[in-house]
Amino acid sequence: MIYKNMFVILSLVVFISCENNEDSTVGQLQAVNGEWLQLSEMPTPRSEIDGFVYNGVIYVAGGFYDGSSTSGAFEAYHIEEDRWEILPDMPQPAHHPAITAADGKIYVSGGWHGFGEDQQSLRAFWAFNIESGEWIQKTDMPYTRGAHRKGHFDGAIYVITGAGPEPGDILRYDIENDSWEILDVKLERTRDHAAITLADDNLYIFSGRGAGTEQLRVDRFNLSTYEFQRLPDIPTARGGHTAEYADGRIYVVGGEVGGDEPYALNGVEVYDIDTGAWFTGQSLPYNIHGHASAQYNGNIYTIGGATGAFYDTFETLTGYNYVFSTATD
């Protein structure tokens, strides 16, 4: 059942930062009329998942469930109906997988199976045929990769960031030929548990965990030229967050911060593509990391995850499903 959780007319405070500019400007952007609404919960509470929207349906794959057990759950949220559908399980249960969609298929890659000493790294690459409801095994990735991200552009799927052998390598999958190649260009600052989103022909990479800590770094990777550009740092370093693009802005949602007392975040930070400015968005009504998200018709959906961080993840799994409208006055 949908009900109104909160309503806030959001004042957006701009943070402008750049590697070569020490000045900081604080101002006001146009206010966003935002409210978080709670929707039908995901049937299987879980974290360290990934999700993607395709034709009005959000598909959520894998994760931890029932404590530290590895889930093969594959569930679909029909946005217009506020309804969940339980689909055939993933052939290989995995937490920290990556997901995207193209041409009537949902592609799921990598991740890990098990936990602790029993954890296994995965390089499997699967496609779920939406029409037939069947899983199809595709050519494995060149390397194992977990806590990674990927995006689809112009007949290819790009795997970027994550943990595993050669974490700076960018992997390109040719959909038509079911084949992989390793690009010559490499990610300058390797990190896992980052967030990416696609806008036009650019992949934007936000924060993530590298060198043992959360990174402030933001990069843009052009999928037409294979060139990187360093962008203004995110105000709050984080890992296990998500990023979604809507109408010229990218919304970075939730995440976790490590240290002696790890904690999950409820903050939303918004990046304006045209100006390079950062500003604060309307916070979630709960802390969350390891969740899935999607943007559909200007609305940001945040699903599942854990309200605690690191080892507290296993005791705080959720099936939460909230939506935020990015519409402006």
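Structure values in brief
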read-out: Relative contact order computed over the stretch 198-263 (Cα-Cα under 8 Å; 6+ residues apart), in percent; value: 26
read-out: Residue order, fewest to most surrounding Cβ atoms within 10 angstrom, among 268, 60; value: 268, 60
read-out: Ranking of 206, 310 by count of other Cβ atoms within 10 Å, fewest first; value: 310, 206
read-out: Placed amide H near residue 308: partners under 5 Å, 5+ positions off or other chain; value: 316
read-out: Residues 241, 291, 113 arranged by fewest to most Cβ contacts within 10 Å; value: 113, 241, 291
read-out: Leading residue at positive end of dipole, the stretch 37-328 (Cβ point charges), from 156, 273, 142; value: 273
read-out: Charge sum, other residues only, whose C-beta stays under 12 Å from residue 201's C-beta, Lys/Arg counted +1 and Asp/Glu -1; value: -2
read-out: Between the stretch 61-88 and the stretch 243-316, the alpha-carbon center distance in angstrom; value: 19
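Read-outs: derived from the displayed coordinates by stated rules, not from any lab. Just so we're clear, the structure is a prediction, and the values are computed from it rather than from any experiment. No Cβ is skipped: glycine too gets one built from the backbone with ideal geometry, and neighbour counts run over all protein chains shown.
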